[in-house]
Structures are given as C-alpha cells and as structure tokens.
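Worksheet for the structure shown next.
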Amino acid sequence: MDTATTAPVRPTAAGRTPLILAGFLLCIFAVGTAELLVGGLLPQIATAVHVSVARAGQLVTAYALGVVVGGPLITVLTARTPRKPLVLGLVAVFVAGSLISAASSSYWLLGAGRVLAALSQGTLFAVAMVVVTTVVSPERAGRAIAVVVSGLTLATVLGVPLGALLGHAFGWRTPFLAVAVLAAAGGAVLAVAMPRTPAPVTSARSELAVLRRRPVVVAIATTAVGFAGVGTVLTYLVPLLTRVSGFSAGVVSVLLLAYGAGSLVGNLVAGRLTDVSPTMTVRIVFLGLTGILAALPFLAPWRPAAVAAVLLFGLLATATIAPLQGLILRYAADAPTLSVAVNVSGFNLANALGSALGGGLVAAGALRWNGLAGALLALAGLGLSWLARPRSA
C-alpha cells in the first residue's frame, strides 16, 4: 500500500513511528469523542442555550454535514500542502472549534463552533491513515490503519461516557475543553515526531482523477451501503435489548461496554488480516455481519443468545473499517488522500442511512426486525465488494 507521493517519509521517520501512531491515535480519539459528545449532553445544552432538546439534537446533524462536506472540499484545496503543516493546521482548527463551543452563550455560536471543528475531521482522518502507512513497512500497513481507527472505537467506548460524566459533574462546557486539550496534546506529539516532507507531487486534478476510477467508486459504495447495515441495528440496540430481550438498563450498560471491547478487538484483528488481503477481509466480515444481523431478530428474545449476538456483532461492526480503507489505499495508491476522505464521508452517510432506515422500522413497530434490514445492507456490501475486481484476493 505504499504510495509514491509519501514514500520519502519512511526513512526520516525511523525510530519515531510509535510517537507518530500515538499522536494520531490521541487526535482521532479527541475528534471521535467530540463527534458523539452532544448526544450525552443534550438536556444540559438545550437548557443552557434556550432551545428544545430536539433543536439541540440538530447540532449532531450539523457536525455530520460538516464532516461530509468539509472532508472532500478541504482535501482538494490542500492537495499540494506538505503533510506536517497540514496536520498541525487541521488540529488547530479542531481545537479552535472546540474552544468556541465551550465558550458559546448562544445556540448559533455553539453550532458554528461545532461545524468549524467538524470541517477538520475528514481530512485529518484521511491524512492520518495515509501517513501512518508510510512510516511502517508495507506488510504492517493494515495494522497501522487499525491503530488510527482504534481512536474512534475508544471514543465510543470511553470518550463518550467519560464526556457525559464530566458534563454532569462540572457542566457541559468541560467536555469540550477536555477534547480540545487532548487534541492539542496529540498535535504537540506530532509536531515533535512527524518529519518534514516536501509538498505532495499530486494535484487536486490528479486526486479527482483517481477518485473517478471504477474500483475506487465501487469501494466507496461498498462502505456507504454495507456499513449502513451496522447503523440500522446499532442506533436502536438499546431499545432492542430492553424491550425485546428484557434486560434492565444496568445490564444493557454492561453489554454496551462488552460490545465496545469487542469492537476494539475486532478492529485490531481486522487490521492484521488486512495486511494479508483487504479484499478477503472485507468479504469475510460482511459475510459474518450478514449472518449475525439476520439471526438477531430470532436470537434477541432469548437472553443468553442475545448476549452472544451482541458480542459477535461488536467483533464484526468496526472490523469493516480497516479493510475498506485498505481497499481505497490499494486502488488509489498514487493519489489516495481525497479518496480516503470521501470514504470517511461514506461512513458518515452510512450511519445516517442506517439510522433513518432503522428509525422508520421502529416507528412502524418493527424494532425486533431491524436486523433483517441490516443484513440486507451488509449483503449488498458483500456483493459490491466483488464488483471492485481487486488485483488479488
């Protein structure tokens, strides 16, 4: 997965690879936490800025739109910018947006801070994945991608609950300050560890040309469609476990932690398998997801089976990310950053599509059967992965 545009990084980064990986992991953890933070603080934020909870919830949508639009746009505009100053600039933008959010006294200023922070996410995530694959040997690239993705998994497992605890203990502004400090710390590590490299030789035009390649388009479509199957079920997993399985709220909290731990393990294992073959890994994971999601409606009413299903779902859910990004890096090797950024947007679109579909089924009284819809989407992702016609399986 080596690329001509960034290959010179590897010699000059010798000995600093762990620091580079740690810096990106910390930044992505902060960004991932910020993305989901508002959900756990909605009542407090709504009261503080004098809006309804429903309107405060639109801050989540605004952030998502900032990621979807900002990632590809900023990536195109910065195609010729050297990677180190670009990364540090993106971290600075995120920190500024988080500080504005923390200091906001109005709904609109808070929204502006959220959008500003979101604009950096897609490009930062894309550049992180491209850079980390150039500071390790090619046969370890998948594992390097998995380290970056682990930042998002840890944000879900630890960042969001800890952010909610901080918000309830010290006020809703504190978590925004915390993620700003974490991102700044990660940026400081990268400022020391990342080598300075020449500006990429690729241009915005070459990045756009690569994005139009059939395998790249199909791989992004695989992300947007196949990963939506995860969102269809995950968004409504708590009501499924309480209403259908009959678990108490306390037990569900434990199951969600187990789901998160499984996601972290599944992501790291998928990273290793991606180094063998990203195509094979994508197909195995989507096949597994199709099976467990299709079985979930029938397993959910029986508690022991429901527990096993949640654990298996956790192992497979984030295991899709590293191999899907690995496919993008393979098919767009000569100018990968924009394609990776668009694929990041694909994950966000998948979450939105899955949540909307799942919400429609819940509104129709079909909560138990969300898994079947998720299975169909995962199966469609599996089918799309075959259309990419990879060089090797």
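The values are calculated or read from the model by the stated rules, or taken from the named source; none is laboratory data. Worth saying up front: this structure is predicted, and the values here are computed from it rather than measured. With ideal geometry, Cβ positions are generated from the backbone for all residues, glycine too; neighbour counts draw on all protein chains shown.
Brief remarks follow.
- Residue that is surrounded by the fewest Cβ atoms within 10 Å (Cβ to Cβ) [pool: residues in the stretch 313-342 that are of a type in the set (Gly, Ala, Ser) and within 15 Å of VAL210 (Cβ to Cβ)]: ALA333
- For SER101, the requirement of being touching a helix residue (DSSP H, G or I) at 6+ places or on another chain (Cβ under 7 Å) and either surrounded by fewer than 21 Cβ atoms within 10 Å (Cβ to Cβ) or in a helix (DSSP H, G or I) (or both) is met.
- Any hit, the stretch 357-364, residues being out of contact with any helix residue (DSSP H, G or I) (no Cβ under 6 Å at 6 or more places or on another chain), under 15 Å from LEU234 (Cα atoms), outside the structural domain of VAL149 (by TED's automatic domain parsing) and without any contact (Cβ under 8 Å) to a residue 60 or more places away in the chain: yes
- Residue match in the stretch 325-332 (condition: modelled with pLDDT of 85 or more and of a type in the set (Lys, Arg)): no
- Candidates ALA64, ALA48, ALA54, ALA34, filtered to the one that is small (Gly, Ala, Ser), in a helix (DSSP H, G or I) and crowded, with 22+ Cβ neighbours inside 10 Å: ALA34
- Any hit, the stretch 268-287, residues being closer than 23 Å to GLU35 by Cα and either assigned by TED's automatic domain parsing to the domain that holds GLY383 or not small (Gly, Ala, Ser) (or both): yes
- Test result for LEU77, buried (at least 23 other Cβ atoms within 10 Å of the Cβ), of a type outside the set (Gly, Ala, Ser) and modelled with pLDDT under 90: no
- ALA270 being among the small types (Gly, Ala, Ser) and closer than 24 Å to VAL238 by Cβ: no
- In the stretch 365-388, the residue that is surrounded by the most Cβ atoms within 10 Å (Cβ to Cβ) out of those that are at pLDDT below 95, closer than 21 Å to LEU237 by Cβ and of a type in the set (A, V, I, L, M) is LEU367.
- Contact annotation: no residue pair with Cβ atoms under 8 Å, 6 or more positions apart or on different chains, pairs a residue in the stretch 300-325 that is assigned by TED's automatic domain parsing to the domain that holds ALA146 with a partner that is of a type outside the set (Ser, Thr, Tyr).
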